[in-house]
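The values are calculated or read from the model by the stated rules, or taken from the named source; none is laboratory data. What you see is a predicted model, and the numbers here were worked out from it, not measured in a lab. Note that we place each Cβ from the backbone using ideal geometry, even for glycine, and neighbour counts take in every protein chain shown. Accessible surface is based on the protein model in full, side chains and every heavy atom, while ligands, DNA and RNA are left aside. Shrake-Rupley method; radii C 1.70, N 1.55, O 1.52, S 1.80 Å.
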Amino acid sequence: MTNLFIGLFLSTLITALLTTRLYRLFLWYGLNSIFLGLAALEQYKLLDDKALLISALLTLLLKGLLLPYLFKLFALKFHTERNIPPKIRLQYAILLIPAILVFTFYLINPILHLPGKNYISLSIASLFLSLVLIIEHKAIFAKVIGFLMMENALFLLGMTATEGMPMLIELGIFFDLLMAVVVINLLFEVEHA
Amino acid sequence: MLEYLFLPLSLIFVLSFFDVQKSKKYLPIISSLVLVPTFMLLFTPDRHYWHDRLMIDDLNKFVLLVCAIVGIAVTLALESLRHHVKISPRHYRRFYRFFALFWIGMILSVTANSMGIFWVGLELATLSTVYMIKTNTTPFAHKEAWNYMIVGTIAISLILFGIILIYASAKPSLGEEAMLFTALKSHISRIHSAYLFEIGFAFVAVGSFIKMGFFPMNLWLANIERAAYYPVAALFSGLLESAIVTGLFRFSSLAKELNQSHLIGFTYIYALLTLFVVAFLIYRVKDFMRLFSLSGIEHMVLMLIFWVSGGYFAALLHFAAHAFLKPALFISTGVLESRGKYHIAGALKGYKGFKGRLFQILVALFMLAIISLPPSPMFFSELFGFSAMIDLAKGSHHLLLMLFGILTILILLSIIFYKFVDVYQTMRYEGEERSKRVYASEVGALVLLALATLALLGSFDFIEKIGG
């Protein structure tokens, strides 16, 4: 099941890269986080690590439901443009995405003996794809979603490659994420004041 | 003792919610209180706190002292900020609030033994900086605050990604202790997958390089420092970059133990590319802020290559000298740009009275010290640093290639040297003389930083002990 959820996690990220509508992007981010949270729950069952359970639930609730909802509220409040065409054309994007995936699998070639090697390469690929998402959009909201998807890639790596990071660090990351969202909101407030 | 470091900063944070016009005279005194625990830590043996997650060793004692001096100088200079720029009392309060948070984040990341805490501190400092940039209410500053938010968080995320990979590489043999710098250092040979560690280090390094404005992100930091009020630039160069460099020193020491040749190759190529771009950007620069900002990148490059080449003393001396000189120059820009940002000609003319003359002399000395003219501490650090690089080249299998690299660095540095001398002469001998006003608080800040720079010349033994 973990493989399935991680596969779906990656597919939502790729779809987000190709989307041209803002609310759809929030939806793909929410789904991306939900699949990540479900994968974390599967890992919890496998490892019986309580910290992973807390992180999985926080991911499902905060990133999967609350943040997309908050972002939609912000977008409505600030009358944000909903059409967000990416700067990279579709034909180039569909060449770039597999190239990134192949490159990251090539990158982990020397560590093929390690457990979770595929997850490491998928996490690095997700990180690069999120960077592409940030680069290819001019709209601030799309950039912010790219940054949050990058956080998801980090969580995927932490969960699969290390079998769970220390709880304190994970909570620190969640705290920082929330603070980042507060800062983003306040920056929007100032922009529209 | 470590916890006392946070007390004065928490007090500044609390005071920032009240009428800062009344309390701002006390703020430099409150920030000076940081020196008490910092000095006491200097004379206490190395210690670990909070289940080994924080630590006090020779390196971070030194960095904390440097940062405390810079922090106090910036608090002093903040007193006269409203004379040079238009700032409302509300934004003034906000600046102090996020300045205190920024400093707390910086202390956390400098004293961190856990890589995770190092990252959390850095993130706290990064997010609080967004608000300090936003105290300037111009559209340009607003745009740059967004840029900082996006690029800064990308850099921070890359660092975290690298930390997770490093943790993953060592966890099978060290367990949860793989998060600690000290555990990694003492059991480096037991690391399960050196390749994974190296990928992790590359991510940490690239994230840190982006934060410091290395290739290919050379201009983003300069633009942000241009957009923000000048004390933000002083804090960047004195505190934030110190925290990042300290972290990078620790990570590179680990990477060096694993595979020195990979580390040297990676760092030298990156450093050369950065220096190549920066030297020409400096050559074309037209305002003080960008000049000092780009020169900051040049010095970060030098510190890093001195450190990875084994010139620990040179790197630490260069680090401290830069941490004092660059904030001093950034604080001076408030006065130097009083006639507009592109008026370099005659910028060092028109200062009357004792304060004015002192300001003029100090800025002239800082300008000459930053290009490593003797007896600047930077002259000695570059002397020892380049010696370390040549020693490394002599012992390597790529002698000619490394000597060519060193020669290229020297040529690029000479372009920067020429530009600074040209700017200094334009400031001193060209342009019209117009009366300018200097305030006691900023002169006080410059005197403090000048004394600290002079004290470095007498602290070689102390710094050498840390490097050793």
Within 19 Å of residue A:140 (Cβ to Cβ), touching a residue at least 60 places away in the same chain (Cβ under 8 Å) and of a type in the set (Val, Ile, Thr): which single residue out of A:20, A:59 fits that description?
A:20
Test residue B:332 against the criterion of being closer than 16 Å to residue B:360 by Cα and assigned to a loop (DSSP other than H, G, I, E, B), and give yes or no.
no
Only one of these conditions is not met by residue B:354: (1) assigned to a loop (DSSP other than H, G, I, E, B); (2) open to solvent by 20 Å² or more (accessible area, probe 1.4 Å). Which number is it?
(1)
If you go through the stretch A:67-107, how many residues are more than 19 Å from the chain's Cα centre (by Cα), open to solvent by less than 80 Å² (accessible area, probe 1.4 Å) and under 30 Å from residue A:161 (Cβ atoms)?
3
Mind telling me which of the residues A:105, A:141, A:128, A:188 ends up being more than 9 Å from chain B (Cβ to nearest Cβ), over 29 Å from residue A:46 (Cα atoms) and at pLDDT 70 or above?
A:141
With (1) in contact (Cβ under 8 Å) with a residue 40 or more places away in the chain; (2) closer than 21 Å to residue A:125 by Cβ as the list, and residue A:4 as the residue in question, which single condition is left unmet?
(1)
Can you tell me how many residues in the stretch A:108-123 are crowded, with 17+ Cβ neighbours inside 10 Å, free of Cβ contacts under 8 Å to residues at least 24 places away in the same chain and facing chain B (nearest Cβ under 10 Å)?
4
On the basis of being touching a helix residue (DSSP H, G or I) at 6+ places or on another chain (Cβ under 7 Å), of a type in the set (A, V, I, L, M) and at pLDDT 90 or above, does residue B:141 make the cut?
no
Just checking, which of B:27, B:5, B:15, B:33 is in contact with a Leu (Cβ under 8 Å, 6 or more places away or on another chain), closer than 30 Å to residue B:177 by Cα and of a type outside the set (Ser, Thr, Tyr)?
B:5
Looking at B:442, B:464, which is the one that is closer than 30 Å to residue B:311 by Cβ and of a type outside the set (A, V, I, L, M)?
B:464
Among the candidates A:35, A:26, A:9, A:5, single out the residue that is closer than 20 Å to residue A:96 by Cβ, assigned to a helix (DSSP H, G or I) and touching a Phe, Trp or Tyr at 6+ places or on another chain (Cβ under 9 Å).
A:9
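Conditions tested, residue by residue: (1) of a type in the set (A, V, I, L, M, F, W, C); (2) under 25 Å from residue B:55 (Cβ atoms).
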| site | (1), (2) |
| --- | --- |
| B:181 | yes, yes |
| B:187 | no, yes |
| B:193 | no, no |
| B:197 | yes, yes |
| B:203 | yes, yes |
| B:206 | yes, no |
| B:215 | yes, no |
From the list B:193, B:114, which one is within 10 Å of another protein chain (Cβ to nearest Cβ) and in contact with a strand residue (DSSP E or B) (Cβ under 9 Å, 6 or more places away or on another chain)?
B:114
Out of (1) at pLDDT 90 or above; (2) hydroxyl-bearing (Ser, Thr, Tyr); (3) open to solvent by 60 Å² or more (accessible area, probe 1.4 Å), the one residue B:381 does not meet is (3)
Set B:174, B:160: member being out of contact with any strand residue (DSSP E or B) (no Cβ under 7 Å at 6 or more places or on another chain) and facing another protein chain (nearest Cβ under 7 Å)
B:160
Determine whether residue A:4 is open to solvent by 40 Å² or more (accessible area, probe 1.4 Å) and either over 16 Å from residue A:157 (Cα atoms) or among the aliphatic types (A, V, I, L, M) (or both).
yes
Could you list all residues from the stretch B:357-370 that are open to solvent by 80 Å² or more (accessible area, probe 1.4 Å) and free of Cβ contacts under 8 Å to residues at least 24 places away in the same chain?
B:357, B:361
Might you check whether a residue that is out of contact with any Asp or Glu (no Cβ under 8 Å at 6 or more places or on another chain), under 19 Å from residue B:321 (Cα atoms) and touching a residue at least 12 places away in the same chain (Cβ under 8 Å) occurs anywhere in the stretch B:422-436?
no
Among the residues of the stretch A:8-38, which ones are over 13 Å from the mean Cα position of the chain (by Cα) and either of a type in the set (A, V, I, L, M, F, W, C) or within 15 Å of residue A:155 (Cα to Cα) (or both)?
A:18, A:22, A:38
Is it true that some residue in the stretch B:395-409 is over 26 Å from residue B:336 (Cβ atoms), open to solvent by 20 Å² or more (accessible area, probe 1.4 Å) and polar (S, T, N, Q)?
yes
Turns out the helices (runs of 4 or more DSSP H) fully within the stretch B:110-192 with at least 2 residues that are within 19 Å of the chain's Cα centre (by Cα) and surrounded by 24 or more Cβ atoms within 10 Å (Cβ to Cβ) are B:115-134, B:139-174
Might you check whether a residue that is open to solvent by 10 Å² or more (accessible area, probe 1.4 Å) and free of Cβ contacts under 8 Å to residues at least 40 places away in the same chain occurs anywhere in the stretch B:197-205?
yes
